[in-house]
1. In the structure shown, do any of Lys204/Lys243; Lys115/Lys204; Lys42/Lys188; Lys47/Lys141; Lys31/Lys115 have a Cα-Cα gap over 27 Å, and if so which?
2. Enter the Cα centre distance for the pair segment 119-174 and segment 225-244, rounded to the nearest angstrom.
3. When 1/r is averaged over all different Cα pairs and the result inverted, which Kirkwood radius in Å belongs to segment 78-192?
4. Which three extents, in whole angstrom, do the alpha-carbon atoms of segment 129-215 cover along their principal axes, largest first?
5. Pull out the extension gain between Glu302 and Asp87, defined as 0.36 nm times the separation in residues minus the alpha carbon to alpha carbon distance; nm, one decimal.
6. Sort 249-255, 89-95 by packing, meaning the average of other beta carbons within 10 Å per residue, with the highest value first.
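Since every read-out is calculated from the coordinates, none of them should be taken as a lab result. Bear in mind that the values here come from a model prediction, so they are computed numbers and not experimental data. Backbone-built Cβ (ideal geometry, glycine too); neighbour counts: all protein chains shown.
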Amino acid sequence: MKKLLLLNILCLFFISCEKALDIELPTIQSKLVINSYMIADKYWDNKSQFLLVSNSVDGLASLNEYIYTDSIPVISTAEASINKIDDTSNNIIETYSLEFDSNCYCYTNPNFTPKQNDTYQLDVNLEGFTPISAKETIPSKPEYIISNLVMTGSLDGNLSSSSNWEDLCEFSITIQDQPNQANYYRLKIYVEIDGINPQTSSCKYTVQDPAFLIPINRYQASDNYYTGKNGYFSDDLFDGEEKTFFVEVEKPQGVWSHFYVAIESYSENLYRFNLTRKEQKRDSNNMLFNSEPIFIESNIAEGYGIFGARAISRKAYLPLFFPTNGWVDY
């Protein structure tokens, strides 16, 4: 009983000794946040290519500190333009003004079509914020061939099965890597059906090659292969050389008319941005262990975000029209 009484007295003593501390948290000046993507040889369609402008706020700040347009946290009053730059002299060759479009809540110019290997500079100005700029070079489209196609399933078959996936095909992809530069790629495979209600769906595929066993891809550490829908790879293991991958493809259940293979070249800025963003998402779902903070890669001077670029090469397989050699540029 005496021990219990002593313990209670000690608890009251420590509680009475508590003192409130006023801690001044540092404030960070709000900066412009940019999300902008360019695709080689494609005009700005407000969907795959656009410019979004918003502002940053402190981690403990209120949502009221965002700038809103029609209850959406985007800025509509900025002055934005993209300049085509001469790599040798750094002079401006041509200027494309970007106008805010309330349909997409983004800035756009349908007359602007980025070209392979050209360099562009984005400039955004808004009163009360430090002006931002970013420079990016459009990568060239990947060059590759597809061979040894074997259809292991049917495009227009719809098997009754508890599984959501069916075997589709297997083939080899041979890519010719651009020499004397770092190259970054992504492989995607789609099935499509045309008609009144067109549909598109991504295929799951498996590649057994170390080029795909990199942090940006999800794979088991004990496995020596990658399985997924969005496999990134770089030329670290085959710089400037010809490289062949063997790919096994599954399709979502359903009836489809054709499928196509897309290999995308990424600028290093966009690749690094995606890599760090994926790492951040993984850590945000980590409920058991503490982890180091992830800093998102950015090429926006005096701001945050990304001004990135990619180039896409697609080959479609149309078995109804090309039964012997169905690969056509898509």
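1. Numbers: Lys204/Lys243 21 Å; Lys115/Lys204 31 Å; Lys42/Lys188 18 Å; Lys47/Lys141 20 Å; Lys31/Lys115 30 Å.
The answer is Lys115/Lys204; Lys31/Lys115.
2. If you average the Cα positions of each part, the centres end up 13 Å apart.
3. On the way: mean 1/r = 0.0528 Å⁻¹.
Its Kirkwood hydrodynamic radius stands at 18.9 Å.
4. Here the spans come out as 58, 37, 27 Å, largest first.
5. On the way: separation 215, 0.36 × 215 = 77.40 nm, distance 2.23 nm.
Value of the extension gain: 75.2 nm.
6. Values: 249-255: 17.6, 89-95: 10.6.
Taking the mean over residues of other Cβ atoms within 10 Å, the ranking is 249-255, 89-95.
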